[in-house]
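Following: one structure in structure tokens, then a few remarks.
The values are calculated or read from the model by the stated rules, or taken from the named source; none is laboratory data. A quick note: this is a predicted structure, and the numbers were derived from the prediction, not measured. For neighbour counting, all protein chains shown are included, and Cβ atoms are generated from backbone atoms with ideal geometry for every residue, glycine included.
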Amino acid sequence: MDPQLDDSLLLTPPRVVWQPRAKFQDRLWLHLLLLLLTIVTTTWSGAYWYLGFLTEFKTPDLHVSLASMILHGFWYSGTILAILGCHEMGHYLACRYYDVDASLPYFLPVPLPLTGTLGAFIRIREQIPQKRMLFDIGIAGPIGGFLVALPALFIGIAMSHITQLPTGPFEAIEFGEPLLFRLASWTFWGTTPAGYTLNMHPVAFAAWFGLLATALNLFPVGQLDGGHISYAVLGRRSSHVTLLMLGLAVVLSVFASSLRVWTILMIAMLARFGRHHPPVFDEDVPLDRTRLFLALVAVVMFIVCATPDPIRLGAFLGR
């Protein structure tokens, strides 16, 4: 006799077992490839910075082998990658601590002689639920990068020296000096005489670039690190800070051409995501005193790292 099916089995719906989506899953080959390419581009940039440092940024009259240039290019590449890497790993490790899904750092190689990179970033792939998590993740990056940039700055300035102002193509390039950079320069070299300038060692230039990256990330706008911190401290009132600081960036970009691309990118970011920060569920709960103190530390870091006109290209602009 044929076996009979139990009618109750036909009426029972299949059981669905919920499985959480795996977190922290990355294409390691892509991150490693971008890192290796960034090592190449920053080392090449560092090689030219070292050649310029040796020749006082004049027409070279000494023979420097390509191998020696590349080897000394690691002064710059090692320093800048350490600063950028510690910045992004600060974010990443904070995300791991709070089990907020995020990617490993993506480094951005650019074959430009000035920096060799546009920086690095991580992708946060889920909404951050709590204010303290948002604050900690936001501030961990700038603190991590700053703790590397600070000693690198003083070491690099100590390895630099005073020289006459260069002539020729390098006469057109002038770097803005953040307050912290001026303090380090004055500590080792005192007041620079008229007609002279600091010939920055590649480590000093990497630290300068690291300070600039820290200041730009701490700008309290939208979903930049500074925007996360501002929202965690002020809640919805941070939207007014975003508009105020965006207006300041627009005004600065009128006079500082090197800030125009960055300002345009900020405007595009706000046009895409809006000026209001994505909410957390405990938006009205104030931060504790320790985190409020760290927010004040972030403001101080921004002040000492920022410069209103990072790069001036006077000769190319007909000045």
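Looking at (1) farther than 22 Å from Gly145 by Cβ; (2) within 21 Å of the chain's Cα centre (by Cα), find the lone condition where His276 falls short.
Failing condition for His276: (2).
Tell me which residues, restricted to region 90-103, are of a type outside the set (Phe, Trp, Tyr), surrounded by fewer than 19 Cβ atoms within 10 Å (Cβ to Cβ) and in contact with a helix residue (DSSP H, G or I) (Cβ under 8 Å, 6 or more places away or on another chain). Quick ask: steps written out before the conclusion?
First pass over region 90-103, keeping only residues of a type outside the set (Phe, Trp, Tyr): 90-91, 93-96, 99-103.
This time we only want the ones that are surrounded by fewer than 19 Cβ atoms within 10 Å (Cβ to Cβ), so: 93, 96, 99, 101.
If the condition is that a residue be of a type outside the set (Phe, Trp, Tyr), surrounded by fewer than 19 Cβ atoms within 10 Å (Cβ to Cβ) and in contact with a helix residue (DSSP H, G or I) (Cβ under 8 Å, 6 or more places away or on another chain), then Leu93, Asp101 are the ones that fit.
Which condition number in (1) out of contact with any helix residue (DSSP H, G or I) (no Cβ under 9 Å at 6 or more places or on another chain); (2) modelled with pLDDT under 90; (3) within 30 Å of Met133 (Cα to Cα) is the one that Leu30 fails?
Failed condition: (2).
Evaluate region 83-106: report whether one residue or more is modelled with pLDDT of 95 or more, assigned to a loop (DSSP other than H, G, I, E, B) and in contact with a Gly (Cβ under 9 Å, 6 or more places away or on another chain).
The answer is yes, given that some residue of region 83-106 is modelled with pLDDT of 95 or more, assigned to a loop (DSSP other than H, G, I, E, B) and in contact with a Gly (Cβ under 9 Å, 6 or more places away or on another chain).
Test Thr163 against the stated conditions and say whether it is surrounded by 14 or more Cβ atoms within 10 Å (Cβ to Cβ), farther than 25 Å from His228 by Cβ and in contact with an Asp or Glu (Cβ under 6 Å, 6 or more places away or on another chain).
Numbers: surrounded by 14 or more Cβ atoms within 10 Å (Cβ to Cβ): yes; farther than 25 Å from His228 by Cβ: yes; in contact with an Asp or Glu (Cβ under 6 Å, 6 or more places away or on another chain): yes.
When the stated conditions are applied, Thr163 passes them.
Please determine, by comparing only the residues of region 248-296 that are in contact (Cβ under 8 Å) with a residue 60 or more places away in the chain and assigned to a helix (DSSP H, G or I), which one is surrounded by the fewest Cβ atoms within 10 Å (Cβ to Cβ).
Top of the filtered list is Ser257.
Quick one: how many residues across region 57-81 are buried (at least 16 other Cβ atoms within 10 Å of the Cβ) and more than 26 Å from Leu147 (Cα to Cα)?
Kept after step one, since they are buried (at least 16 other Cβ atoms within 10 Å of the Cβ), are these residues of region 57-81: 57, 69-70, 72-81.
Still in the running and more than 26 Å from Leu147 (Cα to Cα): 57, 69-70.
Number satisfying all stated conditions: 3.
Identify, by number, the condition in (1) exposed (fewer than 14 other Cβ atoms within 10 Å of the Cβ); (2) assigned to a helix (DSSP H, G or I); (3) among the β-branched types (Val, Ile, Thr) that Val203 doesn't meet.
(1)
Criterion first (out of contact with any Pro (no Cβ under 9 Å at 6 or more places or on another chain), touching a residue at least 24 places away in the same chain (Cβ under 8 Å) and crowded, with 19+ Cβ neighbours inside 10 Å) does Thr38 satisfy it? If you could, list the steps in order and put the result at the bottom.
On the way: out of contact with any Pro (no Cβ under 9 Å at 6 or more places or on another chain): no; touching a residue at least 24 places away in the same chain (Cβ under 8 Å): yes; crowded, with 19+ Cβ neighbours inside 10 Å: yes.
So Thr38 fails the test.
Of the conditions (1) touching a residue at least 24 places away in the same chain (Cβ under 8 Å); (2) under 24 Å from Phe219 (Cβ atoms), Gly156 satisfies every one except a single condition; which number is it?
(2)
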